[in-house]
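The structure appears right after this line, and notes come after that.
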Amino acid sequence: MTEKVCSECKYVVRDKDFRVCPVCGNDKFLDKYHGFVYIFDYDRSEVAKKLDIKTNGKYALRIRGWVIWSWLKNKREKMNF
């Protein structure tokens, strides 16, 4: 089964018959991603809070070389990278 990643919310979709993302409704998907995180309980998850995830499931961490962790970007800016 093929996995695709929503280009908007980074949710990983495993269904071959998808047309829109079940999380955000976006219709644009990518097939390449690096790393992922499973969110089982977004209400209690610190990772979900940092990534602004409001639905349980599998999410890509990096697509097309773009890291979705905005806090990582802020850290790099503060360290002058």
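The values are calculated or read from the model by the stated rules, or taken from the named source; none is laboratory data. Nothing here was measured: the structure is a model prediction, and the numbers come from that model. All Cβ positions, glycine included, derive from the backbone under ideal geometry; neighbour counts span all protein chains shown. Side chains are part of the model used for accessible areas, which takes the heavy atoms of the whole protein and leaves out ligands, DNA and RNA. Shrake-Rupley method; radii C 1.70, N 1.55, O 1.52, S 1.80 Å.
Picking from residues in the range 44-65 that are open to solvent by 100 Å² or more (accessible area, probe 1.4 Å) and over 13 Å from the mean Cα position of the chain (by Cα), the one that is farthest from Val5 (Cα to Cα) is Arg44. Among the residues of the range 19-30, those that are aliphatic (A, V, I, L, M) and either farther than 16 Å from Thr2 by Cβ or assigned to a loop (DSSP other than H, G, I, E, B) (or both) comprise Val20, Val23.
Return yes or no: is Lys16 open to solvent by 80 Å² or more (accessible area, probe 1.4 Å), out of contact with any Cys (no Cβ under 7 Å at 6 or more places or on another chain), assigned to a helix (DSSP H, G or I) and modelled with pLDDT under 90? No: the conditions fail for Lys16.
Can you name every residue in the range 19-42 that is of a type in the set (Phe, Trp, Tyr), closer than 13 Å to Tyr59 by Cβ and surrounded by 17 or more Cβ atoms within 10 Å (Cβ to Cβ)?
From the range 19-42, those of a type in the set (Phe, Trp, Tyr) are 29, 33, 36, 38, 40, 42; that's our starting set.
Retained after the next criterion (residues that are closer than 13 Å to Tyr59 by Cβ): 33, 36, 38, 40, 42.
The answer is Tyr33, and nothing else.
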